[in-house]
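A.B. asks: Take a look at the following structure, please.
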Amino acid sequence: MRVFWEKGYAGASMSDLTAAMGIASPSLYAAFGSKEGLYREAIDHYVSSFSGGFWGVMEAPTARESVEGVLRNAARVFTDGDFPSGCMVIQTAAESGEMSPELAASLCEIRASTTETLAARIRKGMAEGELSPTTDARAVAQFYAAVHKGLSLSAKGGAGREELDSVVSSAMKAWGPLTS
């Protein structure tokens, strides 16, 4: 997982992968079938390992707290020195030409699920009277999903936690006008 996270799908060579795993190419092919098979396993592991923080904040008392929690959690995870920077799923968005259409579509679905989950939480906030009934939940979710993606790319480019937290604070100032 770490090799793909650091180098991306296209950038991770078979020799990088086999060296990291301490196995020979035939063993990798026997276990995973292909580089793509290994990558799918790595993505599944990544999602299961890091989605807990995302889902946990979706249960916050308000939609605003949930959205801010998603972004603050992302700023923390994307800059955690124990892991490569950024988001493994987001960084592959530009690599779709290097992978099968099925894998590219699967990754696109994972990225879209963030927007859908945010939109569902915003709609719940609307139903509970927290937000205006005229709020465009999908547009607000797309805005904050774009901020989430930007945090990943900024972290990958070297931005630190303090800088990302500042971006989150600025993005949350847009909450009122976006949801009224």
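The values are calculated or read from the model by the stated rules, or taken from the named source; none is laboratory data. Worth saying up front: this structure is predicted, and the values here are computed from it rather than measured. For neighbour counting, all protein chains shown are included, and Cβ atoms are generated from backbone atoms with ideal geometry for every residue, glycine included. These area figures cover heavy atoms from the full protein model, side chains too; ligands, DNA and RNA do not enter into them. Shrake-Rupley method; radii C 1.70, N 1.55, O 1.52, S 1.80 Å.
A.B. asks: Only one residue in LEU131, LEU118, LEU151 is outside any helix (DSSP H, G or I) and among the aliphatic types (A, V, I, L, M), so which one is that?
C.D. replies: Working: LEU118 fails: outside any helix (DSSP H, G or I); LEU151 fails: outside any helix (DSSP H, G or I).
After ruling out the rest, the residue left standing is LEU131.
A.B. asks: So which pairs qualify, if the first residue must be in segment 73-96 and at pLDDT below 90, the second must be in a helix (DSSP H, G or I) and open to solvent by 10 Å² or more (accessible area, probe 1.4 Å), the Cβ gap must be under 7 Å, and the two must be at least 6 apart or on different chains?
C.D. replies: Listed by first residue and then by second, the contacts come to GLN91/LYS156; THR92/TYR9; ALA93/ARG111; GLU95/TYR9; GLU95/ALA10; SER96/ALA104.
A.B. asks: Moving on. What's the number of the condition GLN142 fails, among (1) part of a helix (DSSP H, G or I); (2) within 12 Å of ALA63 (Cα to Cα)?
C.D. replies: (2)
A.B. asks: Name the one entry in ALA60, ALA10, ALA75 that is within 30 Å of GLY176 (Cα to Cα) and in contact with an Asp or Glu (Cβ under 6 Å, 6 or more places away or on another chain). Please lay out each step first, then the result.
C.D. replies: Working: ALA60 fails: in contact with an Asp or Glu (Cβ under 6 Å, 6 or more places away or on another chain); ALA10 fails: within 30 Å of GLY176 (Cα to Cα).
So the residue among ALA60, ALA10, ALA75 that is within 30 Å of GLY176 (Cα to Cα) and in contact with an Asp or Glu (Cβ under 6 Å, 6 or more places away or on another chain) is ALA75.
A.B. asks: Let me ask another. I need the helices (runs of 4 or more DSSP H) fully contained in segment 1-115, keeping only those with at least 2 residues that are closer than 18 Å to VAL168 by Cα and open to solvent by less than 20 Å² (accessible area, probe 1.4 Å).
C.D. replies: Numbers: elements: 2-11, 14-21, 25-32, 35-57, 63-78.
Fully inside segment 1-115 and qualifying: 63-78.
A.B. asks: Just checking, how many residues over segment 158-180 are open to solvent by 70 Å² or more (accessible area, probe 1.4 Å) and more than 12 Å from LEU71 (Cα to Cα)?
C.D. replies: Residues meeting the conditions: 5.
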